[in-house]
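Trainee: Okay, handing you the structure first.
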Amino acid sequence: MRLTGEIPMSAIDKLKNIVNNFQLISLLELLIIFAVLFIVYKILFKNNAQKLVWIYFAFTLLTGVYFLFSNIKYPALYMLVLQGLFIVIILSLFATEVKRDIWTKRADHKHESHGAKTDTNVCIEEIVRAVQNMSKNDVGAIIILSNNNLPTAILESGVYLDSTISAQLIESIFFPKTALHDGALVINGSKIQAAGCFLPLAQEVNLSKDLGSRHRAGIGLTETVNVTAIIVSEETGIISIAKGGKIVRYVDTTVLRETLKQYYWQDMID
Amino acid sequence: MNKDKSSFSKFILNNIKPFLMALVTTVIVFIVAKI
């Protein structure tokens, strides 16, 4: 039994009501909401959090449609609580990532754009050649394919290079007993951004015993930052690729080339 | 000219998805706030 005696409005009536009562000030409200959402979406998209944006989008869409068709008394209040809950859940689930993005200043170096397709192909071929040679000669190496999203602390632990990618340079950097051979080489777009960088090691205890510190560093980094690591084992010359905290071992040239293509292709649409 | 065109299409590609998603979310949030 309804105490107020009001007849519940249908969704269409509600929409008509909103259109009829639309004022100029509402336009300002719309603009502010839009601007905030657009900026947040852009930041999330730039940080490769597309899935999160889609989840939030679907969540808002579903709750919005539900409130439109239901006759709850204060839908805006419920929406506010639900959105708040959603944000709290996301913040607690992705605490590390959020902290990283908030507290670590991102590298100042602007991402190089790859105008010509040939440039990209040259970069891919140079990296593949260097990795192949190092694998053949059992030279240990770790190459990070960064999307300009490495914490500055990591880059600053090494030496800034900002040089063109060449197989000879990569091989020279990893040549044993040289000053930079022990750290990671960071590739950002068509440039070698830095070399000799120190990376966080994976804390997982269940990793295979024959994975050395280079592999652990690759896994450790890729589980927190959205980058790809190419690792060449010093003992066996085996090429591995780490991504999202997972490592694929015994990678052949085709897979390596495919990974690099994916990296540069993604870079072109970014 | 060709470069301009490609950078423009890149800009559109970059921004169209967040733009459309933000637009739809804005409308939903606005409607819920007003009903």
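Coordinate-derived values only; no laboratory data. Since the structure is predicted, the reported quantities are computational estimates derived from the model, not experimental observations. A quick note on method: Cβ atoms are made from the backbone with ideal geometry, for glycine too, and the neighbour counts reach across all protein chains shown.
Trainee: log10 I(q)/I(0), Debye, Cα-only the stretch A:217-270, no solvent, q = 0.24 Å⁻¹?
Mentor: Computed log10 I(q)/I(0) values: -0.95.
Trainee: For chain A, set up a Gaussian network in which alpha carbons nearer than 10 Å are linked by springs, and say which option among A:74, A:66, A:160 fluctuates the most.
Mentor: Top of the fluctuation ranking is A:74.
Trainee: Given the rule -39500 (n - 2.57) for each run of at least 4 DSSP H residues, summed and divided by the residues of chain A, what is its mean residue ellipticity at 222 nm, to the nearest 500 deg cm²/dmol?
Mentor: -17000 deg cm²/dmol
Trainee: Something else now. How far apart, in nanometres, would the label points at residue A:164 and residue B:23 be if each is projected 7 angstrom from Cα along the Cα-to-Cβ direction?
Mentor: The answer from the label model is 4.3 nm.
Trainee: When only DSSP loop residues count, what trypsin sites (Lys or Arg not before Pro) in the stretch A:29-90 have their Cβ near at most 15 other Cβ atoms within 10 Å?
Mentor: A:73
Trainee: Take every Cα pair under 8 Å in chain A that's 6+ residues apart, average their separations, divide by the length, and report that relative contact order as a whole percent.
Mentor: Worked out over chain A, it gives 17 percent.
Trainee: Also: Treating the angle as unsigned and between 0 and 90°, give the value, to the nearest 10°, between the Cα long axis of helix A:50-69 and the longest Cα principal axis of chain A.
Mentor: 10
Trainee: Mind telling me which of A:23, A:50, A:83 comes out most flexible in a GNM of chain A, alpha-carbon contacts under 10 Å?
Mentor: Comparing A:23, A:50, A:83 in a Gaussian network model of chain A, the most mobile one is A:23.
Trainee: Let me ask something additional. State the three equivalent ellipsoid semi-axes of the stretch A:132-201, derived from the C-alpha gyration tensor as the square roots of 5 times its eigenvalues, in descending order and whole Å.
Mentor: The answer is 19, 14, 10 Å, longest axis first.
Trainee: Cα-Cα over 24 Å: which of A:16/A:42; A:261/B:10; A:42/B:10; A:209/A:243; A:42/B:34; A:51/A:261?
Mentor: Flagged as over cut-off: A:16/A:42; A:42/B:34.
Trainee: Given N residues in the protein assembly as shown, what is its alpha carbon radius of gyration divided by 2.2 N^0.38 Å?
Mentor: Taking the Cα Rg and dividing by 2.2 N^0.38 Å, one obtains 1.29.
Trainee: Roughly speaking, what is the centre-to-centre gap between the stretch A:15-52 and the stretch A:187-259 when only Cα atoms are used, to the nearest Å?
Mentor: One Cα centre to the other: 40 Å.
Trainee: Quick one: P(r) of the stretch A:132-262 from all Cα-Cα pairs, 10 Å bins, percents rounded to integers, in order of increasing distance.
Mentor: With 10 Å bins starting at 0, P(r) equals 13, 49, 35, 3.
Trainee: Using Cα springs under 10 Å in a Gaussian network model of chain A, which residue among A:241, A:18, A:165 shows the largest mean-square fluctuation?
Mentor: A:18
Trainee: Right, another one. Would you kindly derive the ³J(HN,Hα) couplings of the stretch A:159-166 from the backbone phi angles with the Karplus curve 6.51 cos²θ - 1.76 cosθ + 1.60 (θ = phi - 60°), listing them in order in whole Hz, with x for Gly and Pro?
Mentor: Each residue of the stretch A:159-166 in turn: 10, 5, 10, 6, 10, 5, 6, 9 Hz.
Trainee: Follow-up question, since we're still on this one. Mind checking the full-extension length gain between residue A:55 and residue A:255? Use 0.36 nm per residue of separation minus the Cα-Cα distance, one decimal, nm.
Mentor: Contour length minus Cα-Cα distance gives 68.9 nm.
Trainee: Continuing with this model, one more query. Using amide H atoms built 1.01 Å from N in the peptide plane, name the residues 5+ places from residue A:158, or on other chains, whose amide H lies under 5 Å from its own.
Mentor: For residue A:158, whose amide H was placed from the backbone, the distant partners under 5 Å are A:198.
Trainee: In debye to the nearest 20, how big a dipole does chain A give about its Cα centre with +1 on each Lys and Arg Cβ and -1 on each Asp and Glu Cβ?
Mentor: 700
Trainee: Evaluate peptide A:16-27: per residue, the Cβ atoms of other protein chains within 10 Å of its Cβ; return the mean as an integer.
Mentor: Partner-chain Cβ atoms within 10 Å, mean over residues of A:16-27: 1.
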